[in-house]
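What follows is a single structure, written as structure tokens, with notes after it.
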Ligand code: GLU
């Protein structure tokens, strides 16, 4: 049997993290099984601007690297893929139910006659679940529009969906859906209801108002889509060996519905930021430079210097959000020194340390990491100090900070002239406190 799964969002104007994860699990499953991933827009109830609201979802999916085999913009044999354009299909299926006497009219609405038998929902994540529908339910409202349960099931039949993978909030609808599949004489698909995503503090379901709840929040240049996608893969699924950073090809190879966790997943924005940092550190330098330059576009600096600064900062950066601040001192000559930090450095006798290093800089032309390391090492030996003592003091004098990229790389990139100027100015500025 060919695996055909679908993501069936209602275009509400937002692309919620929960929706993105549902799309992702469908996509992973389709790719894992060599099946088809279908995108269907469930827009029957909506009056708002559907095109724009759909674009939010399509753009978000493309940004996250999820391609669909059938659906808006790509077409396919089972189209159209917007429910608002499928009324003829729904009418046809309603006829089948009419012929079987499964529907009746009341107050202008069309009701489905339920069997009242317990329905088996064969759920690949939760195991078999039995539910019974006691009351007949509406298929068409009195204004003639079909309701979600009906169009959802009809389309799953018409689009030959083999597995319905969706949020657990739909589990309670599934007995209605199974009744409809049966009444329409169709094979009931396998179900997989994915547990909810809870807020970071565990107090209920993530809503669109929660920070970081929308895919749109991560777009722009601050966040890497691979990092968010990797994080979403782990929201309810794991490779069972504690691995977290995984190339998507590896996730596709391992992903299976039976390994999806039954328990609710908790959204952990710190973990997500941490993963993003790892992806930032490991991204190819040319992509890092390209993005870094966009984020620093207001800075007036020589291209070569800017690129060198970016290159040495990549490994220490935690997010693109902090990039501008992280590198700002490279481009500002008149540094401010925090008085409190100044006084904590007193114990290294900064005036002496800076003076000693400046003395060396006068005669040194080789600013390579190795040579700088040798110089500091020799100064340390000569004065009975540790290399660390020089590094702390000099880093502070050169950058006004206590953390940053590798010290030797920083000095190398700043170059002799800049280093000399900064150290002399630091001596003037800090002299009163040191
Ligand atoms: N349109 C429904 C939703 O957005 C889809 C339900 C389903 O996947 O069956 O929740």
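Of note:
- Once you reduce segment 31-80 and segment 97-143 to the center of their Cα atoms, the two points are 27 Å from each other.
- Taking every alpha-carbon pair within segment 319-388, the share separated by more than 13 Å comes to 75 percent.
- On a per residue basis, the convex hull of the C-alpha atoms belonging to segment 95-135 measures out at 102 Å³.
- Three semi-axes describe the equivalent ellipsoid of segment 171-223; taken as square roots of 5 times the Cα gyration tensor eigenvalues and ordered largest first, they are 35, 15, 9 Å.
- Kirkwood hydrodynamic radius (C-alpha pairs) into Stokes-Einstein, segment 9-71, 10 °C and 1.306 mPa s, D in µm²/s: 132
- Share of Cα-Cα pairs in segment 105-157 lying beyond 14 Å, as whole percent: 64
- In plain terms, the C-alpha convex hull of segment 63-194 casts an average shadow of 9.0 nm² when viewed from every direction.
- Between 0 and 90°, nearest 10: helix 269-282 axis offset from the chain longest Cα axis: 60
- Computed from the Kirkwood radius of its Cα pairs, the Stokes-Einstein diffusion coefficient for segment 152-310 at 20 °C and 1.002 mPa s stands at 113 µm²/s.
- Between 0 and 90 degrees, the angle of helix 148-158 with respect to the longest Cα principal axis of the chain falls at about 90 degrees.
- Ellipsoid equivalent to segment 141-242 - semi-axes via the Cα gyration tensor, in Å: 32, 18, 14
- Fluctuation leader among 241, 45, 91 - the chain, Gaussian network, Cα springs under 10 angstrom: 241
- Equivalent ellipsoid semi-axes, segment 16-120, via Cα gyration tensor eigenvalues times 5, rooted, Å: 31, 18, 14
- For segment 275-339 versus segment 149-167, the gap between their alpha-carbon centres in whole angstrom: 48
- Calculated on C-alpha atoms, the gyration radius of the chain divided by its Kirkwood radius gives an Rg/Rh of 1.18.
- Dimensions of segment 249-367 based on its C-alpha atoms, expressed as ranges along the principal axes with the largest first, amount to 67, 35, 28 Å.
- Histogram of C-alpha separations across segment 362-426, 10 Å bin width, %: 22, 58, 21
Only the coordinates and a few stated rules stand behind these numbers; no lab work does. Bear in mind the structure is a predicted one, so any value in this text is a computation, not a measurement.
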